[in-house]
Amino acid sequence: MFELLGIPPQALFGQLLLGLINGSFYAILSLGLAVIFGLLNIINFTHGAQYMLGAFVTWMLLNYLGVNYWWSLLIAPVAVGITGVILERLFIRRLYHLDHLYGLLLTFGLALITTGIFKQIFGVSGLPYQAPPLLSGGHNLGFMYLPNSRAWVIIASAVVCLATWFVIEKTKLGAYLRAATENPTLVGAFGVNVPLMITLTYGFGVALAGFAGVLAAPIYAINPVMGENLIIVVFAVVVIGGMGSILGSIVTGFGLGLIEGLTRVFYPEGSAVVIFVIMALVLLVKPAGLFGRTA
Amino acid sequence: MTATTEATGGPVVAQQTAGGMPVHHIAIFAGLLALLIAAPFFFYPIFIMKILCFALFACAFNLLLGYGGLLSFGHAAYFGMASYVCAHAAKVWGLTPELAIICGTLVAGVLGFLIGSLAIRRQGIYFAMITLAFAQMVYFFSLQAEFTGGEDGIQAVPRGHLFGLIDLRSQESLYFLVLAIAFAGILLIYRIIHSPFGQVLKAIRENEPRAISLGYRVNRYKLAVFVLSATLAGLAGATKAIVFQLASLTDVYWTMSGEVVLMTLLGGMGTVFGPIVGAAVIVTMQNYLATFGAWVTIIQGLIFVVSVMLFREGIVGVISKWTRKPL
């Protein structure tokens with residue numbers, strides 16, 4: 001086989017695959033943040049904790065109720081989404097008339113509580129999740145070995161991202177949503193129940209985080225702090241992409257995952273910070289973000 | 001003269017007389033100083049020194065949030081990096097403590113300038129996300145860099161001799177040094193808030209387009225207050241490194257950034273004395289709950305939620321409202 005700049009192709013493609021998987025999570029999570037931000041104008045700091053919650057719900061469904069992975073893909077996001085709806089009704093709703101900072105501080109507090117409770121119950125060492133039989137094993141593609149579980153994450157995340165894009169940009173429901181983002185008062189005047197729409201939108205954004213958690217369950221260790229550092233990277237992804245465009249969030253998420261993977265091949269020490277460096281460059285060149293609209 | 005900004009849930013805004021400090025502020029500062037001079041006879045001095053360091057940290061943060069209206073979620077970067085540099089200067093370079101603290105503080109200022117000049121290009125929640133992301137970058141740097149000692153941190157930092165003369169291994173000398181640093185820092189912040197510069201900052205916080213139309217170069221003011229805040233946060237972090245003889249990853253992690261936000265929010269954003277009260281409450285709470293593990297996180301989260309939902313003026317903000325005096 002050929003070698004590229006002295007890097008064996010297995011290592012190169014292996015890291016690119018890992019990068020693409022990280023990118024899948026960046027894409028789903030930043031998409032959820034963008035959907036929530038669009039309508040609610042808050043940054044959902046609880047997003048990382050809700051991703052963690054999705055993974056734990058999946059684990060609990062299997063170990064307490066014997067529900068398999070495929071059903072969890074449906075049940076866990078809905079369950080996490082419902083907790084989001086409750087949070088929105090109880091707390092977030094009361095802050096819309098205030099400075100956006102308070103939404104950030106509130107959701108930060110909620111994230112601390114959620115993470116703290118799970119730390120108290122499960123400790124910080126990870127729980128293993130037995131991948132379903134269909135996802136164990138893999139295919140040899142000639143130039144690299146592709147484990148099924150990883151291929152599945154990329155496919156599932158791409159499908160969910162594109163479906164979300166389709167619903168928001170191409171359907172009537174999405175049109176209401178986009179209209180309410182532009183002018184909620186006017187949309188309300190046409191008889192649309194805007195407060196309900198806001199609640200459901202938050203629930204949907206949170207469900208996306210929960211879905212990412214389900215995808216993470218078989219490939220990462222499930223522990224209470226799994227979302228904490230991830231969400232900060234996702235914030236950087238959001239700053240780079242700008243939250244103005246749904247497709248922009250998806251492209252930026254996958255793209256940055258790939259760049260991170262490449263960095264791990266050519267300059268491993270830099271892989272933890274490469275996204276932050278890109279963020280600095282983007283702020284210098286195009287402060288509104290690659291796909292952002294200037295506010 | 002007092003006017004409250006009810007609509008935004010903001011702090012009590014006061015008109016300052018040209019003559020300088022109002023009498024009740026002088027009285028509070030004097031009372032606080034007397035209390036702190038007496039405190040080491042009644043409490044464990046290291047505990048009070050910890051409160052003093054965090055009070056200065058929170059006041060520095062409040063300068064940016066409460067008066068500049070800029071929510072930084074990455075102040076741990078300046079606090080922690082200053083702590084590392086100070087510890088390194090004292091231990092490896094063998095500098096005297098005052099020089100080591102100055103080194104740490106200056107590095108925090110430079111870091112503040114670098115991050116601040118990028119972060120002020122965006123506003124509102126983007127600003128918070130950007131500062132958080134850069135602070136995480138500083139954390140990863142601290143994790144990997146040689147001089148920080150990675151997971152171990154820099155341990156057994158020598159306290160040394162102040163100006164090469166006064167032995168800081170004596171608890172009393174150290175205590176009064178820390179008291180002097182924290183008090184001087186807080187008075188400096190007070191001076192900044194009530195200077196013409198501080199008035200312009202408040203104008204920018206209240207109405208940025210208007211400040212621009214009045215001819216103020218808003219971004220310069222924002223960057224200046226960002227650098228000042230980072231530098232003073234660095235002063236607090238560097239002093240903490242000498243007190244605890246330790247610089248570790250905890251000081252540079254995002255949880256530390258969250259804690260300083262919590263102290264300021266609980267005490268009262270945009271009040272002079274709020275962050276001091278907030279720091280005292282949170283440090284005391286951590287001290288008593290240290291053995292309860294994750295409960296500290298849960299309770300901090302609960303305080304965040306309660307403060308945001310019901311108590312946005314903070315402790316001192318509420319007192320200020322009752323007494324109708326800006327505090």
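Laid out as a table, the results:
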{"item": "Looking only at the stretch A:190-236, and only at residues there that are among the aromatic types (Phe, Trp, Tyr) and part of a helix (DSSP H, G or I), the one that is nearest to residue A:276 (Cα to Cα)", "result": "A:235"}
{"item": "Helices (runs of 4 or more DSSP H) contained in the stretch B:191-286 and holding at least 3 residues under 13 Å from the mean Cα position of the chain (by Cα) and surrounded by 21 or more Cβ atoms within 10 Å (Cβ to Cβ)", "result": "B:218-244, B:254-267"}
{"item": "Residue check, residue B:136 within 14 Å of chain A (Cβ to nearest Cβ), of a type in the set (S, T, N, Q), within 16 Å of residue B:248 (Cα to Cα) and free of Cβ contacts under 8 Å to residues at least 60 places away in the same chain", "result": "no"}
{"item": "Enumeration of residues in the stretch A:118-138 that are assigned to a helix (DSSP H, G or I) and not hydrophobic (A, V, I, L, M, F, W, C)", "result": "A:119, A:120, A:133"}
{"item": "Test: residue A:29 is touching a helix residue (DSSP H, G or I) at 6+ places or on another chain (Cβ under 9 Å), of a type outside the set (Ser, Thr, Tyr) and surrounded by 24 or more Cβ atoms within 10 Å (Cβ to Cβ)", "result": "yes"}
{"item": "2 or more residues modelled with pLDDT under 95 and under 22 Å from residue B:194 (Cβ atoms): qualifying helices (runs of 4 or more DSSP H) within the stretch B:21-91", "result": "B:23-38"}
{"item": "Test for residue B:182: is it over 13 Å from residue B:62 (Cα atoms), touching a residue at least 12 places away in the same chain (Cβ under 8 Å), among the small types (Gly, Ala, Ser) and open to solvent by 30 Å² or more (accessible area, probe 1.4 Å)", "result": "no"}
{"item": "Checklist (1) more than 19 Å from residue B:137 (Cα to Cα); (2) out of contact with any strand residue (DSSP E or B) (no Cβ under 9 Å at 6 or more places or on another chain); (3) more than 14 Å from chain B (Cβ to nearest Cβ) applied to residue A:290, failing item", "result": "(3)"}
{"item": "Checking residue A:187 against (1) in contact (Cβ under 8 Å) with a residue 12 or more places away in the chain; (2) β-branched (Val, Ile, Thr); (3) open to solvent by less than 30 Å² (accessible area, probe 1.4 Å); (4) more than 19 Å from residue A:78 (Cβ to Cβ), the condition it does not meet", "result": "(1)"}
{"item": "Count - residues of the stretch B:253-273 that are away from chain A (no Cβ under 13 Å), of a type in the set (Val, Ile, Thr) and touching a Gly at 6+ places or on another chain (Cβ under 8 Å)", "result": "1"}
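The values are calculated or read from the model by the stated rules, or taken from the named source; none is laboratory data. Remember, predicted model here, so these are calculated numbers, not experimental data. Heads up, the Cβs are rebuilt from the backbone with ideal geometry, glycines too, and the neighbour counts pull from every protein chain shown. Heads up: the accessible areas ignore ligands, DNA and RNA and are worked out on the full protein's heavy atoms, side chains in. Shrake-Rupley method; radii C 1.70, N 1.55, O 1.52, S 1.80 Å.
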